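Novice: Take this structure first; my questions come after.
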Amino acid sequence: MTAHLSDSDRQALRLAHDLREEMRLALPPHGAAAPAVSPFVDPAGRPSVLMRMDADTARALMALLGERRAGQTAPPEPRRADGSHVPPPAPAVAGAPLARAAQSPLLPTTFPAR
């Protein structure tokens, strides 16, 4: 049946099937209709999916994602006012003052040849 399909077509079919099954298992069984998931191969030949869902299903999915996000314990990554990343502070080196540890250069390590 799928012998005439390309590898990308087969991968898109499998992707759509797997996503459809995961959504069915993740969303509450009552009230929300199962989303329609269709296989698609994009113009670059990459397996993809197209998804359509009604408003109740979209709300159920947003609630599920919101619960998952609320359950994460890691604080959000610090950002500057311009949105750029703030690097974490350098770890302190035992016995060295903090300012010295932050300024020490990284040296390449070499190992003797055997």
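Novice: Averaging over all projection directions, find the projected area of the Cα convex hull of the stretch 6-68 and quote it in nm² with one decimal place.
Specialist: 4.6
Novice: Between D42 and L64, what is 0.36 nm times their sequence separation minus the Cα-Cα distance? Round to one decimal in nm.
Specialist: Result for the pair: 5.1 nm of gain on full extension.
Novice: FRET efficiency for R10 and R79, Cβ-Cβ distance as r, R0 = 41 Å, nearest 0.05?
Specialist: The calculated FRET efficiency here is 0.50.
Novice: Further question on the same structure: Figure the gain on full extension for E22 and D54 (residue separation times 0.36 nm, minus the Cα-Cα span) and round it to one decimal in nm.
Specialist: Stretched fully, the E22-D54 segment lengthens by 9.8 nm.
Since every read-out is calculated from the coordinates, none of them should be taken as a lab result. Every value quoted in this text rests on a predicted model; they were computed, and no experiment measured them. Note that each Cβ is placed from the backbone with ideal geometry, even for glycine, and that neighbours are counted across all protein chains shown.
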